[in-house]
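Student: One structure coming up, written as structure tokens, with questions to follow.
Rule-based calculations on the coordinates, nothing more; no lab input. All of these numbers come straight from a predicted model, not from anything done at the bench. Cβ sites come from the backbone with ideal geometry, for glycine too, and all protein chains shown count toward neighbours.
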Amino acid sequence: MDTDAQFLHEFQTGVLPFEQWTHVAHIRMAYLVCKSSASFEEALETIRQGIQHFNGLHAAKLTVGFHETMTQLWATLIWNATQQCDSSVSNSNAFLDQNRELLDSSLWKQYYSPGVMFSPDAKRAFIAPDLKTISVENAQTLKE
């Protein structure tokens, strides 16, 4: 089993140690899901369910938990980057090398003010960006 397949399997089964569930791990998982999904909607649903499942298995260790708006924003950023990848990107390490800006966990601040992002409503349901719009490549602008 290659490294990406092993990582994704460990995430999906909850065997991945919680301490390894970092920002980079989130990006890596989302990339692997996006590259194997037929549509953004399919990728988003798989990412959402995967995070919620993993969080459920590690609920006692969580400090924040699932955040719908953050998930949709990052899924969009990663989907768009995946759509723009050239043929040299064959694994998550190459993807991360080609998309270093995604390693910045504060990238969301380009799109959202903290007041909007950390509102209870944004945690529960998707809230559209208040600073800068973002569109899903080959799809429509994200809407509430």
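Student: Residues to consider are 97, 121; find the one that is without any contact (Cβ under 8 Å) to a residue 12 or more places away in the chain and more than 20 Å from residue 33 (Cβ to Cβ).
Tutor: Answer to the selection: 121.
Student: Let me ask something else. Out of 122, 128, report the one residue that is more than 27 Å from residue 15 (Cα to Cα) and touching a strand residue (DSSP E or B) at 6+ places or on another chain (Cβ under 9 Å).
Tutor: Just a single option satisfies the conditions, and that option is 128.
Student: Which of the residues belonging to region 22-49 are within 16 Å of residue 102 (Cα to Cα) and outside any helix (DSSP H, G or I)?
Tutor: Result: 22, single match.
Student: Just to be sure I understand, how many residues within region 54-89 are under 11 Å from the mean Cα position of the chain (by Cα) and loosely packed, with under 13 Cβ neighbours inside 10 Å?
Tutor: Residues flagged as under 11 Å from the mean Cα position of the chain (by Cα) and loosely packed, with under 13 Cβ neighbours inside 10 Å within region 54-89 amount to 0.
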